[in-house]
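Worksheet for the structure shown next.
The values are calculated or read from the model by the stated rules, or taken from the named source; none is laboratory data. Computed from a predicted model, the values in this text were never measured in an experiment. Because the Cβ atoms are built from the backbone with ideal geometry, glycine has one as well, and the counts that use them run over all protein chains shown. What goes into the accessible areas is simple: the full protein's heavy atoms, side chains included, and nothing from ligands, DNA or RNA. Shrake-Rupley method; radii C 1.70, N 1.55, O 1.52, S 1.80 Å.
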Amino acid sequence: MSRKKKVLFLCTGNSCRSQMAEGFARTMAQDKWDVYSAGTAPVGVNPRAVQVMAEAGVDISGQKSKAIDPEILNSADVVVTLCSDAYESCPLTPPTVKRIHWPLEDPARATGTEEEIMAKFRAVRDEIKKRVAELLATLED
């Protein structure tokens, strides 16, 4: 039996984008993949991210904000960076690790009314869901 493939989602704070990607990938991949997320400077999971994911039927309330684990980074099949900072500051990986960059806007930096901020979170969530589905479909054996 072959080992499960590993995917690691990285962003700066590991609070929104990478947490949402981890939640969607865990749900969509079920037991086919080992799914992780981390941040270059973890700050805790954003409550708005938890809320918009719950609206989409995915519970990320138990996920934790984590720093990059070098063992996971170096043994991953795929590392996806979700922001320019993570893309630029992500440590080197072995040539066997596929690197993908999704330059997504940080919803935590959204300004305006609560409705406008939540609209940004939902838009980013929906884009992440679409990209995670495409990623998993292209990486299936």
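Odds and ends about this structure:
- Of everything in region 82-92 that is part of a helix (DSSP H, G or I) and under 23 Å from residue 6 (Cβ atoms), the residue that is least open to solvent (accessible area, probe 1.4 Å) is 86.
- Residue pairs meeting the criteria (Cβ under 8 Å; at least 6 apart or on separate chains; first in contact (Cβ under 8 Å) with a residue 24 or more places away in the chain, in region 116-128; second among the aromatic types (Phe, Trp, Tyr) and part of a helix (DSSP H, G or I)): 128/24
- Filter result (assigned to a loop (DSSP other than H, G, I, E, B) and not acidic (Asp, Glu)) within region 93-120: 93, 94, 95, 96, 97, 102, 103, 104, 110, 111, 112, 113
- Screening the candidates 106, 77 for the property of being touching a residue at least 24 places away in the same chain (Cβ under 8 Å), under 24 Å from residue 46 (Cβ atoms), open to solvent by less than 50 Å² (accessible area, probe 1.4 Å) and acidic (Asp, Glu) yields one hit, 106.
- Selection count, region 91-141, where residues are closer than 15 Å to residue 21 by Cα and among the β-branched types (Val, Ile, Thr): 4
- Checking each residue of region 121-138 against the condition of being hydroxyl-bearing (Ser, Thr, Tyr) and either part of a loop (DSSP other than H, G, I, E, B) or surrounded by 15 or more Cβ atoms within 10 Å (Cβ to Cβ) (or both) gives no match.
- Of all residues in region 23-60, those satisfying the criterion of being farther than 25 Å from residue 134 by Cβ and either at pLDDT below 95 or among the β-branched types (Val, Ile, Thr) (or both) are 41, 42, 43, 44.
- Within region 5-26, the only residue that satisfies the criterion of being hydroxyl-bearing (Ser, Thr, Tyr) and touching a Leu at 6+ places or on another chain (Cβ under 8 Å) is 18.
- Matching option when the condition is among the aliphatic types (A, V, I, L, M) and at pLDDT below 95, among 108, 123: 108
- Scope region 22-37; condition over 18 Å from residue 68 (Cα atoms) and surrounded by fewer than 19 Cβ atoms within 10 Å (Cβ to Cβ); matching residues: 27, 28, 30, 31, 32
- Single residue of 63, 19 found to be surrounded by 15 or more Cβ atoms within 10 Å (Cβ to Cβ), of a type in the set (S, T, N, Q), modelled with pLDDT of 90 or more and assigned to a helix (DSSP H, G or I): 19
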